[in-house]
Structures are given as C-alpha cells and as structure tokens.
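Colleague: Let me begin by handing over the structure; questions about it come next.
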Amino acid sequence: MHEIIICEKPKASEKIASALSGKAIKKNYKRVPYYELQNNGKKTTVLAAVGHLYSLAPTKRGKKIFDVDWVPLYEKDKSKKYVKNYIDAIKKLSKDADTFIHACDYDIEGTLIGYNALKYACGDESVNKAVRMKFSTLTTEDITEAYQNPITLDLNQVDSGIARHVLDFLFGVNISKYLTDSVMKATKRYIQLSAGRVQTPTLSILVDREKEIHKFIPEPYWLIKARLEGKITADHKKGKIFQKEDADGILADVENKDAKIKKIDLKKTKKPRPFPFDLGSLQSEAYSLFGFNPKKTQQIAQNLYTEGYTSYPRTSSQKLPKSIGYPKILKKLSKSAAFRKQVDKLKKPYKPNEGKKTDEAHPAIHPTGSMPKGLAKDSQKLYELITYRFISVFGEDGLVETMKTDLTIGSQNFIFTRKRTVKMGWQEQYPFRKVENDDFPPISEGDVLKVKKIISEEKETKPPARYNQASLIRELEKRGLGTKSTRANIISILYDRKYVEGNKIKVNFLGEHLIDTLKKYSQKITSEELTREFEEKLEGIMGGEAQKDNIIAEAKVEITSILDDIEKNKLKIGEELYDAYRKSMIVGECKCGKNLILIDSPRGDPFVGCSGYPECKSTYSLPRGAVILKTKCEKCDLPLISYGKPRQRACLDLKCGREGREPTNEVVGTCPDCGNELIKRSGRYGEFIGCRGFPKCRFTKSIEEKS
C-alpha cells in the first residue's frame, strides 16, 4: 500500500514527516526534497508544493475574457520555472499511490493549493481517494492527531476558493485590459493600468479620505489652561472655544484670581484583560509598537507557524478552546527565563478572556510552547508579542483609580484628571503598554490654590487623519471588503501600481483621477456594495447555500455591464486617464523645457522619456530596481536615481559626466537596536532611514520620524 501526503511548503513536509516517524528518509527528485516512511508494510511519501502550483489563464483570447482554466504556474509566469520540478515530482512519485492525504494549511487558499495538486498532478481519481488533515499548529501532537483522525475533503471550501480566484481574475484582467486599451485607442500610448474587485473599492476609500483632507477648511479655536501651585494644570471645562470674544471674556474673568476646589471625585474602574490576537489585531498591534506593515507581520507570523513556534496566523478568531491545552503550553513557557515570572503569577484554574469573533477553522493566534532559537530580531519581537499577549489573557483584570477634580477661578469652571494604577493585573504579563501612574496632589474640597499662570493657546482644527496600513486593514474589515488573508496584499498592490505612497497613505494624482474617472463613467467598478455582495455569496458557498457556477455566471453579467460602460466612453476615459498618468509620472524637466515622465513599456522595463515626443525624443533607461529621487544632478540638473546593491546614487543620464556614483549613505544618526550608523535609504515606499547593519539589523524609521 502506498500513501501520498501533499503539504503546502517544503518546511511543512519536513515537520509532518518528522512528526509521523523519526525514521523518515529524506530524498530528492529534480532537487525537490521529499520524505519516505515505512510502517507495517505501508509506504508513505510526504511531498510538498511551494504555494500555488497552478494559476488561472484564458483558454481563448478575445475582447472579453470569460473562459479560463488552471495551468501550471511556470507556463504563465516565467520567473516561476522552479515550480515545474515540484509538479514533476508530485506526478512521478504519486503514480502508484492507493490513498492520498491533503495536508496543506486549513483555509481556503491552502485547501485550493492541495486540491489543485491532487487534481492536476496526481489525477482526477486522487481527489475521490483523498482525506484531509486539519491542524492549527505544526507540533508533533497536533500533526499526529490530524493524521490519525482525518476528515473528509470539504468540497464547498474548494468551490469557494475556485470561485474567489475566478472572480478576482475575471474582474481584474477584463477591467484592467479595457482601461489600458482605452488609453491606447485615445492616445496611441501604452500605460499599464490596474483595477480589481477589491483593490479598486479600497483605492476609492483612500481617495474619499484624500478629498476630505483637500476640502477641509481649518477653523481657529482657543484652549484655556490654568497652571496652579502643586504642578497642577487644569483645563477650562468648555474645551475648544471657537469665538475669540468668548476666550477674551474668560481671560478677563479669571485675571488675578485664585482657584477654589469645588469637588473631588475618586473612582476605581477595572482595566479588563485583552483578547487573544486574531490576524487583524496582531497586524494593528505590531504596526503600533514596532512599525511593521501588515504584510510584514503576516509573513513573519506565517514563518513562526511553519517553524512550529506559533499557531496558524490567518484566523479571525478571538477564542482559545480548551482543546489547545492551556496548562501544557503555559508549563512549557515557564521553562524559559523570559516568561517564567509572568506565567508564575497566573492563578489556576486557567481561564482566558475571549472576544466575540470566531473562526470555524482555527483558534486565536497563540504560542505552541516550543522555544525558538536564533530568531532574527523582528521575528523575535513578534514571537514575544504573541507569547506575552497569550499569557496576559489568563491574567487578572487591572484596577485604575481616577481623580476627577472640578474647580472654579472667578466664575469660570475648570477641571483636571489624574489616573494611577492600583492593581497591575494582566499588565504585569504584557510589557508593551505604558502603565498609568500619575501623582495625586494632596488637596481637599474647599482648598484654595494659587494660580501661577493662565495660558490661552490658539490652535486650528485638523482634517481627518490619513490611513496607515494597519488602520486601513481595520477599515476594510469593518466594511466587509476582502478577507483576513488578502487585505495586506491588496494594500501592497496599490503601492506596486504607484497609486499610493508613504507610511501615512497618500493617494497620488493618478490614483485619485483613476477613481474619479471610473466613478464618472461606471460606478459599479468602485462599488463597495457590489464587492461586499459577492463576498457574502462566496461565504454562502462555504455553507452550501450557494453554487459556485451560479455566482461566476452572475459575476460575468456584472463585468459585462462594467465593460459596456467603458466601451461607450472609451475615448473620454482614455484621454482623462492618460492626462492624469502624465501629470502623476512627472519626474523632472527635460533639456527641451518639457516634462520628463516615467513611462511603462509593453515590451520591457519602465524608462523615462520626454512628454514632448515625437518632437523631442530624449529617453533614459533605468537600471533594474531604480528609484527616481527629488534631488537634482549638480552638473546637468536632471534628477538623480538610486539603484543597485548596495544602493548608490547617479544621474538619470548615466553619460552626463557627473563625477562618481556615490553610495546612498547619508548618515543621520545611531541605530537604537545595535549602535550602528543610521543612513538614508531608498525603497518601495520612497526614502526612509535604515540601519547600516542590514540585513542583520532591520531597524527602520520613516523620514518623518527622523527627529
């Protein structure tokens, strides 16, 4: 008897083979590692994919692309040639197999990866013979349990994954193609434009915020504060005062007067324990504490899971079921000096504080108890964050005492508040947040305090804040757009397409005008409602309430309607988008006086050319990975570029005769993590500050945070 186990990635196959047998033999086929086990006459072969082995591609070309099929990824993406060896290995080694076990990650993407590997590499019959391993950690206990108690392959989950991929492909490829063609038809120019089922409504949210900021008219207001003896600062009870006459009247009333304590209210309130992490809250906390963007957090968390240190990260659950074995995990953690003190303070029986959010597939993110060794600094930070959070949910509620004091100066009412922690509780197990510990002044009701100074601060109201990547993920979750697994990648695509820039996300001219143009001619493209409606239908497939083929058919109708709208206004759309593109891609001034713009090429890498073409045919090729800087060449006044490894600066015109190509290494400070020099670097989000010790030290800071 021959049994095949299909895993999602090589590291997972190694973990699973090791868990099932300490005598697993590692072999290679076409440089692809696999494992063989023998047990009572049964041969087991553990094989690995490398993520998706198959991708959607059109079965026939046409104006509209609606007929698609799965093809090997290497046929569609020439950079993925290595995938062929993995497919060949699965085909070769599964030929004589009797049974098949799908052991990829238990979510929609993992299910689809394994299903396609079975169907297209092992053959249709393998799907009928397959069972499913379901696990949330790659520990020996969980793997053994999942192997000994397999479940049936959930074909509803498979269909939901297929439908999602088909919808994303059909929306993205058709709308992007029509927009690109509209520019070509109107201007005879090629620019690569991108739109997507979730991507475009996400960009629309950012554009709406950008417009709010642009339209915002600041309004002046005054804050009046009183500095009293005893290092007390009290605020006027009205808060923001929008009429200067009112502020002046208050100042006149309190002049040369003492403050009288009217009322002191002392109150104790609980500071409840936090919930365990789901993916969204982990991404948000890691951004707040460490500045990790959501995609980076997701990648590190995935690696920690694959190494067996934490549970599966792509979960929306805030629940920790008893089945994960709290006592066992906490006992293992207590063996580490880093966590022993925190675990020892917990009271038995252990009971976690759980949130409302659930996920049928996986529990909240938690450590497995396996102690990591030799983690990179950022991975160590995230591991400790997950672990301390897990321990803290078993702690006790904290207790905060608040002193709220009302006082009068003349006939004006002022107030000040102080807070102090009287019981640390769970905060002793979670050393990432500042503990409130104000001094309470020794005062009583009826006391009179000297007023040392009255301050009137003139300020202006501020526009709504720009989203950062973490707050945008929270907004997408609130609006029901995308999934926990895809949101970080959607945001990443917006940066790749150069629609947005900066850590505080700013939409550029092209991104804003793309949405304006689409809304003008076909609002369905940017519709949150349409996107959310399809998200709900895809969820319905999972529950058996909707059929994959019906939803794909509905999507084709909606896409056709959108494409018809574009077709009716093709020339106008093309002209407006090209105009926006040219303005957004201006990188400097040409020697002829016209603008230099960044140009996409349908046949190669981007380059810089003159907007006065064909009258002016000046062009400049760009080295791979080059970033155009705002700094100008001191010799010819063209922009400088940053490129290469290590990064170096040079003139856009590499033949201009400018002396030297100096490294991009302006020293701006000292790294707080390792003591090395901090230097200016250029990257995907523009210029930033990073450690010279990269990649050993990965400390970074935005330019805005330089001070």
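The values are calculated or read from the model by the stated rules, or taken from the named source; none is laboratory data. Worth saying up front: this structure is predicted, and the values here are computed from it rather than measured. Every residue, glycine as well, gets a Cβ built from its backbone with ideal geometry; the counts of neighbours run over all protein chains shown.
Colleague: Restricted to the range 155-170, and to residues that are without any contact (Cβ under 8 Å) to a residue 60 or more places away in the chain and surrounded by fewer than 20 Cβ atoms within 10 Å (Cβ to Cβ), which residue is nearest to G110 (Cα to Cα)? Show your work before the answer.
Modeller: In the first step, residues of the range 155-170 are kept if they are without any contact (Cβ under 8 Å) to a residue 60 or more places away in the chain; the result is 155, 158, 161, 168.
Applying the additional criterion that residues be surrounded by fewer than 20 Cβ atoms within 10 Å (Cβ to Cβ) yields 155, 168.
Working: L155: 13, D168: 17 Å.
Taking the candidates together, the pick is L155.
Colleague: Hey, another quick one. Output the number of the condition that Y221 fails; it satisfies all remaining conditions of (1) surrounded by fewer than 14 Cβ atoms within 10 Å (Cβ to Cβ); (2) within 18 Å of S456 (Cβ to Cβ).
Modeller: (1) is the only condition that Y221 fails.
Colleague: With the structure loaded, tell me whether E615 is assigned to a loop (DSSP other than H, G, I, E, B) and free of Cβ contacts under 8 Å to residues at least 40 places away in the same chain or whether it fails that test.
Modeller: Values: assigned to a loop (DSSP other than H, G, I, E, B): yes; free of Cβ contacts under 8 Å to residues at least 40 places away in the same chain: yes.
Here the answer is yes, as E615 does meet what is asked.
Colleague: Which one of these is within 29 Å of the chain's Cα centre (by Cα) and of a type in the set (A, V, I, L, M): V68, V32, V83, V46?
Modeller: Working: V68 fails: within 29 Å of the chain's Cα centre (by Cα); V32 fails: within 29 Å of the chain's Cα centre (by Cα); V46 fails: within 29 Å of the chain's Cα centre (by Cα).
Testing whether each residue is within 29 Å of the chain's Cα centre (by Cα) and of a type in the set (A, V, I, L, M) leaves just V83.
Colleague: Which of the residues spanning the range 182-206 are in a helix (DSSP H, G or I) and more than 22 Å from I597 (Cβ to Cβ)?
Modeller: Our first condition is that a residue be in a helix (DSSP H, G or I); within the range 182-206, this holds for 182-187, 199-206.
Matches in the range 182-206: Q199, T200, P201, T202, S204, I205, L206.
Colleague: Related question: From the list I689, I679, which residue is outside any loop (DSSP other than H, G, I, E, B), more than 16 Å from F292 (Cα to Cα) and at pLDDT 70 or above? Working first, answer last.
Modeller: Details: I689 fails: more than 16 Å from F292 (Cα to Cα).
Being outside any loop (DSSP other than H, G, I, E, B), more than 16 Å from F292 (Cα to Cα) and at pLDDT 70 or above holds for just one of I689, I679, which is I679.
Colleague: Right, E512: assigned by TED's automatic domain parsing to the domain that holds T202, touching a residue at least 60 places away in the same chain (Cβ under 8 Å) and under 24 Å from D496 (Cα atoms) or not?
Modeller: So E512 fits the description; yes.
Colleague: Could I ask something else about it? N303 passes all but one of (1) under 25 Å from S13 (Cβ atoms); (2) free of Cβ contacts under 8 Å to residues at least 24 places away in the same chain; which number fails?
Modeller: (2)
Colleague: Oh, and also: Given the condition closer than 24 Å to I16 by Cβ, in a helix (DSSP H, G or I) and either among the polar types (S, T, N, Q) or within 19 Å of the chain's Cα centre (by Cα) (or both), answer yes or no: does some residue in the range 309-326 qualify?
Modeller: Yes, the range 309-326 has at least one match.
Colleague: Another one. Give me the strands (runs of 3 or more DSSP E) completely within the range 1-57, filtered to those with at least 2 residues that are touching a helix residue (DSSP H, G or I) at 6+ places or on another chain (Cβ under 7 Å), ordered by residue number. Walk me through it before giving the result.
Modeller: Values: elements: 2-7, 25-29, 32-39, 42-48.
Those strands (runs of 3 or more DSSP E) span 2-7, 32-39, 42-48.
Colleague: A follow-up question, please. Checking G308 against (1) touching a residue at least 24 places away in the same chain (Cβ under 8 Å); (2) at negative phi, which test does it fail?
Modeller: (2)
Colleague: Let me ask something else about it. Counting only residues that are assigned to a loop (DSSP other than H, G, I, E, B) and of a type in the set (K, R), which one in the range 460-480 is farthest from L223 (Cα to Cα)? Give the derivation first.
Modeller: Pass one, the range 460-480, residues assigned to a loop (DSSP other than H, G, I, E, B): 461-468, 480.
Narrowing the set further to residues that are of a type in the set (K, R) leaves 462, 466.
Values: K462: 15, R466: 25 Å.
The residue in question is R466.
Colleague: Across the range 183-208, what is the number of residues that are farther than 19 Å from E558 by Cβ and among the small types (G, A, S)? I'd like the intermediate steps shown before the answer.
Modeller: Our first condition is that a residue be farther than 19 Å from E558 by Cβ; within the range 183-208, this holds for 183-193, 205-208.
With the extra rule that they be among the small types (G, A, S), the set shrinks to 186.
Counting residues in the range 183-208 that are farther than 19 Å from E558 by Cβ and among the small types (G, A, S) gives 1.
Colleague: May I pose another question? For the range 207-230, name all the residues that are more than 30 Å from A252 (Cβ to Cβ) and assigned to a loop (DSSP other than H, G, I, E, B). Can you show your working first?
Modeller: Applying the first criterion (more than 30 Å from A252 (Cβ to Cβ)) to the range 207-230 yields 207-216.
Matches in the range 207-230: F216 only.
Colleague: Name the residue that is nearest to V158 (Cα to Cα), counting only residues in the range 543-555 that are surrounded by 16 or more Cβ atoms within 10 Å (Cβ to Cβ) and touching a residue at least 12 places away in the same chain (Cβ under 8 Å). So that I can check it myself, show each step before the final result.
Modeller: Filtering the range 543-555 down to residues surrounded by 16 or more Cβ atoms within 10 Å (Cβ to Cβ) leaves 546, 548, 551-552, 555.
Remaining after also requiring touching a residue at least 12 places away in the same chain (Cβ under 8 Å): 548, 551-552, 555.
Numbers: K548: 10, I551: 14, I552: 14, A555: 18 Å.
Checking each candidate, the answer is K548.
Colleague: From the list Y430, Y383, which one is under 24 Å from the mean Cα position of the chain (by Cα), assigned by TED's automatic domain parsing to the domain that holds I232 and touching a residue at least 40 places away in the same chain (Cβ under 8 Å)? Please lay out each step first, then the result.
Modeller: Details: Y383 fails: assigned by TED's automatic domain parsing to the domain that holds I232.
Residue meeting the stated conditions: Y430.
Colleague: Of the conditions (1) at pLDDT below 95; (2) in a helix (DSSP H, G or I); (3) within 27 Å of the chain's Cα centre (by Cα), A163 satisfies every one except a single condition; which number is it?
Modeller: So A163 meets the others, but not (1).
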